[in-house]
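To start, the structure under review is shown below, and the notes come after it.
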Amino acid sequence: MGEPFDFHYLLDYLVKLVPTLQMTLLIVACSIVIGLGIGLVVALPQLYKIPVLRRLSQVYLSFFRGTPILIQLFLFYYGLPEILKLVYVDVSKVPALYFVILTYALHSGAYLSEMIRAAVGAVDRGQVEAAYAVGMTGFQAFTRIVLPQATAISLPVFSNLVIANLKDTSLAFSLGIMELTGKSQTLAVMSRHFVETYISLAIIYFVISYGLEKLFHLVERKLLRHERQIVSDEKPSRYRKWKQRRFALSPGFGRGGQENEA
Amino acid sequence: MIKLTQIRKSFGRNEVLKGIDLTVEKGEVVAILGPSGSGKTTLLRCINYLEKPNEGRIVIDDFSVQCRRPDKKAIHTLRQKTAMVFQQYNLFKHKTALENVMEGLFVVKKISKDEARIRSIELLEKVGLGNKLDSYPSELSGGQQQRVGIARALALNPEVILFDEPTSALDPELVGEVLAVIRKIAKEGITMIIVTHEMGFAQDVASHVVFMDEGVIVEQGKPNELFTSPKEERTKQFLKRITPEAAYSI
């Protein structure tokens, strides 16, 4: 098998992998932004119960949710050029990255549309009626009343989807994209320090995911400030709790200590 | 003046309103009474098109809507001339009390934000919530929320305010404060149509009482006449069931 474990490689690879993070984040950002657009377009026929389009969006949903993303990548990368050839469009010179972003956007779009549908449905109908009664148009009611609340409701799900998307990008290297995982494969094969490479890879994925999670939690707290009972403002941090317990136990700091001295 | 002619509304095969004619003079306070399922809430919701009537005609002053084929603009105008206070308050949950009242002023009426703020504060003070301007609905009691709802309706300066059972969702101890506010604005001469189960309140505040049952207006008149000497048998039965003496005698 590989070489014996060497801690230096771990740090070294961490530094070498970080530049490829750019590619990974590019794929995530593009596919989530495009996916949101697709998700909204797909969710609308379901929300407004438009007859034919509704069926079509259901077919789209069940395809992208029912097949593995790896298969979807292959299908788009190898299949789409063949189909386009029939209508005399040559895409053989288009870089693989575009296919990857397209696939991830369509894949995320399916999940995002379900998220949008659920969130919009969760804003109670009475508020929309109140908006109409105040004299707002349908568009004003949607953008001013429904959308801000739906955004806040959907944030936990959105956070999950972005993190899932981030981790899914590790499959893009199967089409030769040099993102985090792709780069780590090369490094590992060249040096035969497999464990070190994958540990540093895991650390990077973890740090990014954790950072995103915290970031989304912060935004959620800000958006849900009108719901005191769901996101509480004064949650003592774990460190503060731990410190309090320590001070309470140790003699000389807490009240107990003074009593001992007296 | 508001004039409804031959308003009809069905949900599927169930005909809820069977041709309602009702005239409300300017400054009048009309109370609509009736057993549940009699169509009173549906009638109220038809007046500002939250429910689409199948047939009939709605006239407010010199503006009229033919209900069978209304265009979007007519509905929009109709809604600007009316305001509604809901049973479940329906405040915008992500906005403070002040923002709830301001919303209609600067989004719909296009009044500048500063002016809207001054007007909204005035109105919230009028309903006794001058100290709750920056509270979110989740931080207010039911009675306070409903008073914000009333301020929001008043802000639009409508021709008529429609009250849909404004106290039905409230704890008994909170009913009084809301009724007091409605009583106060009734004295200012704003036209109001109130669907309510508070008989004492209706008798006291209304200048005209309408009794509905099974989608038709059974009887209407001055509150004193209707409550003390109803002509129709159905009205008599309803009032007998609902008055406290009869309800509590064993």
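The values are calculated or read from the model by the stated rules, or taken from the named source; none is laboratory data. These numbers come from a predicted model, not from an experiment. We place every Cβ from the backbone using ideal geometry, glycine too, and count neighbours over all the protein chains shown. For the accessible areas, the whole protein counts, side chains as well, though only heavy atoms, and no ligand, DNA or RNA atoms are used. Shrake-Rupley method; radii C 1.70, N 1.55, O 1.52, S 1.80 Å.
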If you take the residues in the range B:41-61 that are within 12 Å of the chain's Cα centre (by Cα) and of a type in the set (A, V, I, L, M), which one is surrounded by the fewest Cβ atoms within 10 Å (Cβ to Cβ)?
B:Leu44
Does the range B:29-44 contain any residue that is within 14 Å of chain A (Cβ to nearest Cβ) and not aliphatic (A, V, I, L, M)?
yes
Show the residue pairs that are 6+ apart or on different chains and have beta-carbon atoms under 6 Å apart, the first residue being within the range B:188-203 and in contact (Cβ under 8 Å) with a residue 12 or more places away in the chain, the second being outside any loop (DSSP other than H, G, I, E, B) and of a type in the set (D, E, K, R).
B:Val195/B:Lys40; B:Val195/B:Asp164
The one condition in (1) in contact with a helix residue (DSSP H, G or I) (Cβ under 7 Å, 6 or more places away or on another chain); (2) over 22 Å from A:Met23 (Cβ atoms); (3) without any contact (Cβ under 8 Å) to a residue 60 or more places away in the chain that A:Ser113 fails to fulfil:
(3)
For B:Asn100, which of the numbered conditions (1) assigned to a strand (DSSP E or B); (2) polar (S, T, N, Q); (3) at the interface with chain A (Cβ under 10 Å from one of its Cβ atoms) fails to hold?
(1)
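A quick yes/no check of all residues on (1) under 27 Å from B:Phe92 (Cβ atoms); (2) open to solvent by less than 30 Å² (accessible area, probe 1.4 Å); (3) touching a Leu at 6+ places or on another chain (Cβ under 7 Å):
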{"residue": "A:Pro68", "(1), (2), (3)": "no, no, no"}
{"residue": "A:Val89", "(1), (2), (3)": "no, no, no"}
{"residue": "A:Val123", "(1), (2), (3)": "yes, yes, no"}
{"residue": "A:Ile153", "(1), (2), (3)": "yes, no, no"}
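For the range A:76-87, enumerate the residues that are surrounded by 14 or more Cβ atoms within 10 Å (Cβ to Cβ) and either under 25 Å from A:Glu114 (Cα atoms) or among the aliphatic types (A, V, I, L, M) (or both).
Within the range A:76-87, A:Phe76, A:Leu80, A:Leu84 meet the criteria.
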Yes/no for A:Ser92 being in a helix (DSSP H, G or I), of a type in the set (S, T, N, Q) and more than 14 Å from every other protein chain (Cβ to nearest Cβ)
no
Taking B:Arg79 as meeting all but one of (1) closer than 30 Å to B:Gly12 by Cα; (2) assigned to a loop (DSSP other than H, G, I, E, B); (3) within 13 Å of chain A (Cβ to nearest Cβ), write down the number of the exception.
(2)
Name every residue in the range A:203-213 that is without any contact (Cβ under 8 Å) to a residue 60 or more places away in the chain and open to solvent by less than 60 Å² (accessible area, probe 1.4 Å), in order of residue number.
A:Tyr205, A:Ser209, A:Gly211, A:Leu212
Kindly indicate which of A:Ala105, A:Ala118, A:Ala130, A:Ala110 is small (Gly, Ala, Ser) and open to solvent by 60 Å² or more (accessible area, probe 1.4 Å).
A:Ala118
Tell me which residues, restricted to the range B:82-92, are crowded, with 21+ Cβ neighbours inside 10 Å, facing chain A (nearest Cβ under 7 Å) and either free of Cβ contacts under 8 Å to residues at least 60 places away in the same chain or assigned to a loop (DSSP other than H, G, I, E, B) (or both).
B:Phe86, B:Asn90, B:Phe92
For the range B:11-40, what are the residues that are open to solvent by 40 Å² or more (accessible area, probe 1.4 Å) and either within 14 Å of the chain's Cα centre (by Cα) or small (Gly, Ala, Ser) (or both)?
B:Gly12, B:Ser36, B:Gly37
Condition check: facing chain A (nearest Cβ under 10 Å), under 22 Å from B:Ser168 (Cα atoms), surrounded by 14 or more Cβ atoms within 10 Å (Cβ to Cβ) and of a type outside the set (Ser, Thr, Tyr). Does B:Leu140 satisfy that?
no
Given the conditions (1) open to solvent by less than 60 Å² (accessible area, probe 1.4 Å); (2) without any contact (Cβ under 8 Å) to a residue 24 or more places away in the chain; (3) not aliphatic (A, V, I, L, M), and given that A:Asp168 satisfies all but one, which numbered condition is not satisfied?
(2)
